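Visitor: Quick one: structure below, then a few questions.
Only the coordinates and a few stated rules stand behind these numbers; no lab work does. Source: prediction; values computed, not measured. Glycine also receives a Cβ, built like all others from the backbone with ideal geometry; neighbour counts cover every protein chain displayed.
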Amino acid sequence: MSLLSVSDLHVHLGESHILQGISFDVADGRVTALLGRNGVGKTTTLRALMGLVPSAGTIELGGVQLGGKPTHKIVRLGVGYVPEDRDVFAGLTVNENLRLAERDGEPRYELVYELFPELKERGQQAAGTLSGGQQQMVAIARALLNDNRVLLVDEPTKGLAPLLVTEVARVLERVSELTTVLLVEQNLGVVARVARDAVVLDTGRVVHTGPAQELLADRPMVHRMLGVGSAAAA
Amino acid sequence: MYFLIASGLSLIYGLMGVLNFAHGAFLTVGAYAMWFTESKLGGVPVLPRFLLGALAGLAVGGVFAALVELFLIRPLYRRHIEQVLVTVGLALATVALVTAIWGNDARTVAAPGWLGNTTTVVGAHIPNDRWVEIVTALVVLLALNAFLRRTRYGLIIRAGVENRAMVTALGIDVRRAFTLVFALGGIAAAIAGVLSNVYFGTIDPQRGTSLLIFAFIVVVIGGLGSLRGTAASAVVVGLVQQYANYYASSGLGDLSVVLLLGIVLLARPRGFSGSFA
C-alpha cells in the first residue's frame, strides 16, 4: 500500500524545468530508492516533498495533501528529513542539535543512542568540530528522534569512508524496520542492502520503477540509466 | 550605547537577513515614549518618574518593533529590496511623525541629579550616567546571552542564524522567532533611546537616525549575527571614536570609525566573528 504518493510533480528553478511531471509511489513500511545520475533532480524531488522549493503537482502523505503547505507543517505531519550536506548546526553542541529536533512528546533518545552511542559521549561537543561521519550521525539522529511516518534521506553515505558507509547502511537497515524511507543514494551497494523498490530519474523524468533487486541485477540497465560510476560503486 | 542599538540589529540581520533601516525608529519611539510618560507624571518624584518613563519607553519600543515585523516585514519575506525600502520609509515616516507632533526642538528629560555627578576612579572623573550605561550594556549582554544559551527560542535563533531553512525542516515555525527577535531588538534600541536621553540631556527626532549609521558600522565590524562580535566591536568603535576626537580633533572620531570599517572589510570581511557583510 502506498504511503507517499507523488503525481505530476513539476519544479522550476529559475529558467530551468528541473522536474518535468514525475509520478511515483512510496510503499508503506519499505525503503524506496530514488536513483539517477548527478543533476537529474533527485535532491530537488526531496526538497519539493519538504516544501523547500516551490512545486506544482500532487503530493499526498497517507491521503493528506502536502502541496502548498509550509515546510514546518509538512514536517509536523510526520516527515523526517536528512539533507544531502547534513546541515548540522555547527555552532550548537550535539545535544543542542538533537534538542532542537525534538517535536513529539517523547523524543526517542534511547533509539538514537542505541544506534549512535558516540553521540552520547560527544553531547557537549560543538557539531562543527565533528568529523563528516559523526555529523552524518547527528543528521540521521535528528530525523529518528521523532516517530515519523516517512524519512526522506538524501545521500547519507556521500563523502564517507568505506567503514562508515557500512555503518550507515546498518543504521538504514534498522531504520527501515521502523518507518518508511525514501532514499536518494549513489552507492548501489547500500541500495542493494536496504531498498525494496527503486525509482529512476533521468533529466527530470521518471524512466523506471520496479523492485530494486531486479534493477540492480540488470547490469546493462544499471549502466545505461545510472552511468559509468555507479557500476564501480556496485 | 552602540552595543545596545547594534545588538538587535545584528540578531535581526543574522536570523532574518533583514537590513532594518527602521531600527533607529525603535530608538526614537522608545526615547519619546519615555519623555512623554515623564511629562504626564508631573507630581511624581524624579527617580520613580524616570524609572516609569524608562519602563514605558522599553515597552513601547518592543511592541512597536513587534508590530513592524508582523505587518511590514512578514509580508515581504524573501523580497529583500522591498524590505529595505519599507524600513527606510518607516524610518523617514517616524521622524516626520514625531516632528509633526512634538516639533524639531530638543526637549529636556528629567533624570535623577546623581546621574549628572561624577565618580572619581584612578584620578579620572567619570560622569555617573556613563557608569549606568556601561552596567546596562553589560546586563543586556548577559541577559541576551542567557536567553540565547538557555531557552528554546534562544536555541532556535542561534540555529536560525546559521541555517534558517534547516530549522524549518525540523518542524519549527521560525516566524515566531522572527517576531521575538524584532521585539528584543526594539527593546534594546529603546534602552539605547532612554540612555541617550540621559547622555545628551535632551531628546530630538533625529537621534535614532544619527546613531543608526554607527550601529551598522558596529554590526559589520563585529560580524553579522554575532552578539559577542557586536559587543567587542562596540567597545572598539567607541574607543576609536572618542580617542580620535580627544587626541586629534573633534569630528575626526567619525572619520576614524569609517576608516576602521574600511580596514576591517578589506582585511577580514566577516568581521570579528559572524557572517560576511
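Visitor: Could you work out the Rg to Rh ratio of the protein assembly as shown, with Rh taken as the Kirkwood radius (inverse of the mean 1/r over all Cα pairs)?
Guide: Details: Rg = 27.8 Å, Rh = 25.6 Å.
Radius of gyration over Kirkwood radius for the protein assembly as shown works out to 1.08.
Visitor: Here is a further query. Can you compute the label reach from A:Leu163? Point 7 Å from Cα along the Cβ direction, backbone N cut-off under 19 Å, restricted to region A:135-153.
Guide: A:135-138
Visitor: Which ³J(HN,Hα) values, rounded to whole Hz and listed in residue order, are derived for region A:218-223 from phi using the Karplus coefficients 6.51, -1.76 and 1.60 in 6.51 cos²θ - 1.76 cosθ + 1.60 with θ = phi - 60°, glycine and proline given as x?
Guide: Once rounded to whole Hz, the list reads 9, 4, x, 5, 4, 5.
Visitor: Something else: Can you give the mean number of other chain Cβ atoms that lie within 10 Å of the Cβ atoms in peptide A:46-58?
Guide: 1
Visitor: Using a 7 Å offset from Cα along Cα-Cβ at A:Ala27, what residues in region A:57-88 end up with backbone N under 17 Å from the label point?
Guide: Zone members listed by number: A:62.
Visitor: Treat each spin label as a single point 7 Å out from the Cα along the C-beta direction, and report the A:Glu118 to A:Met221 distance in nm.
Guide: The modelled label-to-label distance comes out at 3.7 nm.
Visitor: Can I ask one more? Could you tell me what percent of the DSSP beta bridges with both partners in the protein assembly as shown are antiparallel, to the nearest 5?
Guide: 65 percent
Visitor: Next question, about the same structure. Kindly provide the helix-only [θ] at 222 nm of chain B, computed as the sum of -39,500 (n - 2.57) over DSSP H runs of four or more divided by all residues, to the nearest 500 deg cm²/dmol? Mind showing how you got there, number by number?
Guide: Numbers: 11 runs with 194 residues, N = 277.
My calculation for chain B gives -23500 deg cm²/dmol from helical runs alone.
Visitor: Let me ask something additional. What is the spread of the Cα atoms of region A:79-225 along each of their three principal axes, largest first, in whole Å?
Guide: On the principal axes, region A:79-225 reaches 49, 31, 27 Å in Cα extent.
Visitor: May I pose another question? Non-local amide H neighbours of A:Val206 (under 5 Å, H modeled in plane, Pro and chain starts lacking H): which ones?
Guide: Residues meeting the amide H criterion: A:Ser23.
Visitor: While we're here: Could you tell me the largest-minus-smallest coordinate of the C-alpha atoms of region B:2-203 on each of the three principal axes, in descending order and whole angstroms?
Guide: 54, 43, 28
Visitor: Between exposed GluC sites (Glu not before Pro) in chain A, where DSSP calls loop and at most 15 other Cβ atoms lie within 10 Å, what's the longest gap? Each step should come with its number before you reach the end.
Guide: Working: sites that count: A:Glu15, A:Glu177.
Of all site-free stretches, the longest is A:16-176.
Visitor: In sequence order, what are the phi-derived ³J(HN,Hα) couplings for region B:33-44 according to the Karplus relation 6.51 cos²θ - 1.76 cosθ + 1.60 with θ = phi - 60°, rounded to whole Hz, with x for glycine and proline?
Guide: Karplus values, whole Hz, x for Gly and Pro: 4, 5, 4, 4, 4, 4, 5, 8, 10, x, x, 7.
Visitor: Please compute one quarter of the surface area of the Cα convex hull for region A:50-94 and express it in square nanometres. Don't skip to the answer; put the middle values down first.
Guide: Numbers: hull surface 16.5 nm².
Dividing the Cα hull surface by four gives the mean projection, 4.1 nm².
Visitor: Which value, in Å³ per residue, describes the convex hull spanned by the Cα atoms of region A:60-159? Please report the intermediate quantities before stating the final value.
Guide: Details: hull volume 10.2 nm³, N = 100.
Taking only Cα atoms, region A:60-159 has a hull volume of 102 Å³ per residue.
Visitor: Would you calculate the separation in nanometres between label points at B:Leu52 and A:Asn38, each defined as 7 Å from the Cα along the Cα-to-beta-carbon direction?
Guide: Simple spin-label model gives 7.0 nm for this pair.
Visitor: Could you give the Stokes-Einstein D for region B:47-105 in µm² per second, using the C-alpha Kirkwood radius, 20 °C, 1.002 mPa s?
Guide: Details: Rh = 13.4 Å.
Using the Kirkwood radius from Cα pairs, D works out to 160 µm²/s.
Visitor: What's the local net charge at A:Pro117, with K and R +1, D and E -1, over the other residues with C-beta under 12 Å away? Mind dumping the intermediate values first?
Guide: Values: positive: A:Lys120, A:Arg122; negative: A:Glu110, A:Glu114, A:Glu118, A:Glu121, A:Glu167.
Every neighbour counted, the sum reads -3.
Visitor: Pick out which of B:Ile126, B:Ile156, B:Ile213 has the largest mean-square fluctuation in a Gaussian network model of chain B, springs linking Cα atoms closer than 10 Å.
Guide: It is B:Ile126.
Visitor: For n ≥ 4 DSSP H runs only, could you compute -39500 (n - 2.57) per run for chain A, divide by its residues and tell me the 222 nm figure to the nearest 500?
Guide: Working: 11 runs with 89 residues, N = 234.
Counting only the DSSP helices, I get -10500 deg cm²/dmol.
Visitor: May I ask you to list the lysines whose Cα is less than 26 Å away from that of A:Lys73, ignoring any residue fewer than eight positions away on the same chain?
Guide: Result set, ordered by chain and number: A:Lys42.
Visitor: Could you give the nm distance between label points at B:Tyr247 and B:Leu265, where each point is 7 Å from its Cα heading toward the beta carbon?
Guide: Output for this residue pair reads 2.6 nm.
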